[in-house]
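Heads up: the structure comes next, in structure tokens.
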Amino acid sequence: MPAIVLVGAQWGDEGKGKATDLLGSDVDFVVKFNGGNNAGHTIVIEKDGVREKYALHLLPSGILTPTCTPVIGNGVVVDLAVLFEEIDGLEARGVDTSRLLVSASAHVIAPYNRVLDKVTERFLGSRKIGTTGRGIGPTYADKMSRNGIRVQDLFDEKILRQKVEAALAFKNQVLAKIYNRRAVGVDEVMGELLGYVERLRPMVADTSLVLERALDEGKTVLLEAGQATLLDVDHGTYPFVTSSNATAGGACTGSGIPPTRVDRVIAILKAYSTRVGEGPFPTELFDANGEFLRKTGAEYGTTTGRPRRCGWVDTVVGRYSTRINGVTDFVVTKLDVLTGLEKVPVCVAYEVDGVRHDEMPVNQTDFHHAKPVYEELDGWWEDISKCRTFEELPAAAQAYVLRLEELIGARVSAVGVGPGRDEIISRHSLLGD
Ligand code: GDP
Ligand code: IMO
Ligand code: MG
């Protein structure tokens, strides 16, 4: 079987965790290929009639499926304290985490990068990005400027010390002289990083090789993105983005699987839009409808608890995601949240200074000025959470999904009607048919 990529089509929190979990029993490996503990995936599982909620940040969502091997790929940035906190938390709830593999080439979030993320944001003031404060940006910056620390460095104390010393020689100047913060000691950092070495050792692997062999043996590999298309550092609303490639291309560089192995790209599209942090958001609502979506959809960040900004669905963004990711299948999530609205507006284009744009404006300033052009579709009132076939949905809900499909340019293969594992309508197999 081939490799399958799963990405977010909007600004994150589309329900990627639930979709990955859903596929979990049909796939052998789930690989997280970008980001770190800035991600927050909520997964709801029914066990013996009781709903159990899991919030994952760093671990791939496949960790909850006993038959699946979860992999932290080379493109991820790993906060070791969070890794073991999450592992311990899951083990305490009876989840077996012993299959987890961590790439030897993944980068490690050093304590000084957490500090730098926070002080930089404070320094930027009104120009801040609204980051999660987890040290993600500074760690990827270190990777690109070639003074990062990789998982494999932890197993050679001499090399590790040299790298930490080199990084701190510069960063302490910045911390002390620009931000007026206390310098970070080399031993302090060494102590924190080395404290995890023995627990980490058995998990570390050449994950690219493991995955290549698995594919050769006919195993199915799911490559799961953190964040989403418009938060991608190259294709998103730069600079209001995260610092990694969250789009389908990033799945290859972040896992070591070649593009020729990837056969399907599944994108998760929420039936409306949300965004956390700063940055442009053309369909954002500041009225009672926005509040309705936030309340009904429980739109509060899994990672930082911040209220998410809410708005109507944007099919210009959806179409852009189809193009950038080469989407073969969409999963439309949270359709149930739209129940009870008289009319449901769908953004079909933008108007920028009197000019209509059917595609994403290439110029960021234009995107900041984009005014949504809406088409109003009929709403529905019936509870759809019990629907399990497309035909069971009210006619207006079906029409909404079909219109989205037409506008975004790829088939909608599944529709989410609730947070639970079984609250989904399948139209086509996500693994190929
Ligand atoms: P992710 O970051 O893309 O994995 O998404 P999050 O977990 O941050 O946010 C999605 C939220 O929506 C979670 O709380 C899910 O339990 C929930 N969810 C996912 N699909 C559906 C759906 O179809 N309907 C409803 N009501 N909730 C959903
Ligand atoms: P999941 O995987 C939503 C946003 C932050 C901020 C910007 C940069 O749950 O969809 P960072 O800490 O990455 O440097 O912050 O990106 N952001 C997310 N927004 N969902 C996420 O992940 C996000 N991860 C980062 O709010 O605007
Ligand atoms: Mg999330």
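Brief remarks on what is shown
- Residues being under 23 Å from E351 (Cα atoms) and surrounded by 15 or more Cβ atoms within 10 Å (Cβ to Cβ) - total across region 376-390: 1
- For region 317-332, taking the residues that are among the aliphatic types (A, V, I, L, M), more than 18 Å from Y350 (Cα to Cα) and not in a loop (DSSP other than H, G, I, E, B), the one that is farthest from ligand 1 (Cβ to nearest atom) is identified as I324.
- Residue among D329, D287 that is charged (D, E, K, R), within 19 Å of G15 (Cα to Cα) and modelled with pLDDT of 95 or more: D329
- Screening G218 with (1) small (G, A, S); (2) within 16 Å of ligand 2 (Cβ to nearest atom); (3) under 16 Å from R261 (Cβ atoms) gives one miss only, at (2).
- Residue pairs meeting the criteria (Cβ under 8 Å; at least 6 apart or on separate chains; first free of Cβ contacts under 8 Å to residues at least 24 places away in the same chain, in region 1-24; second aromatic (F, W, Y) and buried (at least 24 other Cβ atoms within 10 Å of the Cβ)): none
- Put simply, of G94, G35, G15, G75 the only residue that is more than 30 Å from Y112 (Cβ to Cβ) and under 16 Å from the mean Cα position of the chain (by Cα) is G15.
- Scanning region 1-54 for residues that are of a type in the set (K, R) and within 13 Å of ligand 1 (Cβ to nearest atom), we see that the one that is nearest to Q227 (Cα to Cα) is K16.
- Scope region 284-304; condition within 16 Å of ligand 2 (Cβ to nearest atom) and hydroxyl-bearing (S, T, Y); matching residues: Y300, T302, T303, T304
- Selected residue (criterion: nearest to S126 (Cα to Cα)) from residues of region 273-287 that are touching a residue at least 12 places away in the same chain (Cβ under 8 Å) and more than 15 Å from ligand 3 (Cβ to nearest atom): E278
- Cβ pairs under 6 Å, 6+ apart, first in region 221-233 and in contact (Cβ under 8 Å) with a residue 40 or more places away in the chain and at positive phi, second hydroxyl-bearing (S, T, Y) and away from ligand 1 (no atom under 11 Å from the Cβ): Q227/T242
- For region 44-58, the tally of residues that are in contact with a helix residue (DSSP H, G or I) (Cβ under 7 Å, 6 or more places away or on another chain) and within 12 Å of ligand 2 (Cβ to nearest atom) stands at 3.
- Boolean, G191 is on the phi < 0 side of the Ramachandran plot and either among the small types (G, A, S) or in contact with a Cys (Cβ under 7 Å, 6 or more places away or on another chain) (or both): yes
- Checklist (1) out of contact with any helix residue (DSSP H, G or I) (no Cβ under 8 Å at 6 or more places or on another chain); (2) under 23 Å from R411 (Cα atoms) applied to V362, failing item: (2)
- Of note, E359 satisfies the criterion of being part of a loop (DSSP other than H, G, I, E, B) and away from ligand 1 (no atom under 16 Å from the Cβ).
- Here V331 meets each of (1) among the β-branched types (V, I, T); (2) touching a Gly at 6+ places or on another chain (Cβ under 6 Å); (3) buried (at least 21 other Cβ atoms within 10 Å of the Cβ) with one exception, condition (2).
- Residues of region 399-433 satisfying the condition of being part of a strand (DSSP E or B) and more than 16 Å from ligand 2 (Cβ to nearest atom): R411, V412, S413, A414, V415, G420, I424, I425, S426
- Subset of region 262-283 [touching a Cys at 6+ places or on another chain (Cβ under 8 Å) and either away from ligand 2 (no atom under 15 Å from the Cβ) or more than 29 Å from I4 (Cβ to Cβ) (or both)]: V262, P282, T283
The values are calculated or read from the model by the stated rules, or taken from the named source; none is laboratory data. Worth saying up front: this structure is predicted, and the values here are computed from it rather than measured. As a convention, Cβ positions derive from the backbone with ideal geometry for all residues, glycine included, and neighbour counts pool all protein chains shown.
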